[in-house]
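Here the structure is laid out as C-alpha coordinates; the discussion comes afterwards.
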Ligand SMILES: [Zn+2]
(Lines give C-alpha, C1' and ligand atoms only; values in the text may rest on other atoms or scores of the structure.)
Protein backbone atom coordinates (compact mmCIF):
# COMPACT_ATOMS: atom_id res chain seq x y z
CA UNK A 1 0.00 0.00 0.00
CA UNK A 2 1.52 3.29 -1.09
CA UNK A 3 2.04 5.85 1.66
CA UNK A 4 2.76 9.58 1.38
CA UNK A 5 5.43 11.02 3.69
CA UNK A 6 7.29 14.33 3.66
CA UNK A 7 11.07 14.66 3.71
CA UNK A 8 11.05 15.37 7.44
CA UNK A 9 9.21 12.15 8.32
CA UNK A 10 11.11 9.96 5.86
CA UNK A 11 10.21 6.37 4.98
CA UNK A 12 7.16 4.91 6.71
CA UNK A 13 7.38 2.04 9.13
CA UNK A 14 5.27 -1.00 8.29
CA UNK A 15 3.79 -2.89 11.27
CA UNK A 16 3.02 -5.89 9.06
CA UNK A 17 6.53 -6.04 7.65
CA UNK A 18 7.65 -5.40 4.12
CA UNK A 19 9.91 -2.44 3.63
CA UNK A 20 9.11 0.53 1.48
CA UNK A 21 11.72 0.45 -1.25
CA UNK A 22 10.59 3.03 -3.79
CA UNK A 23 10.22 6.78 -3.42
CA UNK A 24 8.65 8.93 -6.11
CA UNK A 25 6.94 12.28 -6.42
CA UNK A 26 3.50 12.90 -7.84
CA UNK A 27 2.98 14.87 -11.02
CA UNK A 28 3.30 18.56 -10.10
CA UNK A 29 5.26 18.02 -6.86
CA UNK A 30 5.68 20.04 -4.62
CA UNK A 31 2.58 21.94 -5.70
CA UNK A 32 0.47 18.87 -6.43
CA UNK A 33 -1.31 18.93 -3.08
CA UNK A 34 -0.11 15.51 -1.91
CA UNK A 35 0.40 16.01 1.83
CA UNK A 36 2.24 13.86 4.36
CA UNK A 37 -0.14 11.26 5.78
CA UNK A 38 1.40 11.25 9.24
CA UNK A 39 -0.86 12.55 12.01
CA UNK A 40 -0.55 16.34 12.04
CA UNK A 41 1.54 16.39 8.85
CA UNK A 42 1.07 19.43 6.61
CA UNK A 43 4.13 19.25 4.35
CA UNK A 44 4.17 18.30 0.67
CA UNK A 45 5.03 14.63 0.39
CA UNK A 46 6.53 12.03 -1.87
CA UNK A 47 5.00 8.58 -2.22
CA UNK A 48 6.69 5.48 -0.81
CA UNK A 49 6.10 2.13 -2.48
CA UNK A 50 6.50 -1.46 -1.35
CA UNK A 51 8.44 -3.93 -3.46
CA UNK A 52 5.50 -5.10 -5.60
CA UNK A 53 4.36 -1.51 -6.18
CA UNK A 54 7.88 -0.41 -7.09
CA UNK A 55 8.08 -3.28 -9.57
CA UNK A 56 4.79 -2.14 -11.14
CA UNK A 57 6.18 1.42 -11.26
CA UNK A 58 9.28 0.20 -13.06
CA UNK A 59 6.97 -1.55 -15.54
CA UNK A 60 5.19 1.73 -16.24
CA UNK A 61 2.29 1.83 -13.78
CA UNK A 62 1.85 5.44 -12.63
CA UNK A 63 -1.57 5.53 -10.97
CA UNK A 64 -1.77 4.26 -7.39
CA UNK A 65 -4.58 3.43 -5.02
CA UNK A 66 -4.39 5.43 -1.78
CA UNK A 67 -6.06 3.92 1.29
CA UNK A 68 -7.38 5.64 4.38
CA UNK A 69 -4.95 7.38 6.74
CA UNK A 70 -2.02 7.03 4.37
CA UNK A 71 -2.27 10.42 2.67
CA UNK A 72 -4.06 13.71 2.69
CA UNK A 73 -4.83 15.79 -0.39
CA UNK A 74 -4.89 19.58 -0.37
CA UNK A 75 -7.57 20.90 -2.67
CA UNK A 76 -7.40 24.08 -4.71
ZN1 LIG B 1 5.71 14.27 7.35
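The values are calculated or read from the model by the stated rules, or taken from the named source; none is laboratory data. All figures in this text were calculated on a predicted structure; none of them were measured in a lab. When we count neighbours, we look across all protein chains shown, and the Cβ atoms used for this are built from the backbone with ideal geometry, even at glycine.
Overview of values
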item	result
Boolean, residue 60 is under 13 Å from residue 10 (Cα atoms) and not in a strand (DSSP E or B)	no
Positions within segment 18-57 being more than 16 Å from the ligand (Cβ to nearest atom) and in a loop (DSSP other than H, G, I, E, B), in sequence order	18, 19, 27, 28, 31
Where a residue in segment 1-23 is closer than 17 Å to residue 51 by Cβ and its partner, wherever it lies, is within 8 Å of the ligand (Cβ to nearest atom) and outside any loop (DSSP other than H, G, I, E, B), with Cβ under 7 Å and at least six apart	11/5; 12/5
Filter result for residue 75 (buried (at least 16 other Cβ atoms within 10 Å of the Cβ), in a loop (DSSP other than H, G, I, E, B) and at pLDDT below 90)	no
Every residue from segment 18-37 that is at pLDDT 90 or above, over 21 Å from residue 56 (Cα atoms) and surrounded by 11 or more Cβ atoms within 10 Å (Cβ to Cβ)	30, 32, 33, 35, 36
Number of the condition not met by residue 60 [criteria: (1) free of Cβ contacts under 8 Å to residues at least 12 places away in the same chain; (2) surrounded by 11 or more Cβ atoms within 10 Å (Cβ to Cβ); (3) away from the ligand (no atom under 13 Å from the Cβ)]	(2)
Residue list for segment 1-17, restricted to those being more than 13 Å from the ligand (Cβ to nearest atom) and crowded, with 19+ Cβ neighbours inside 10 Å	2
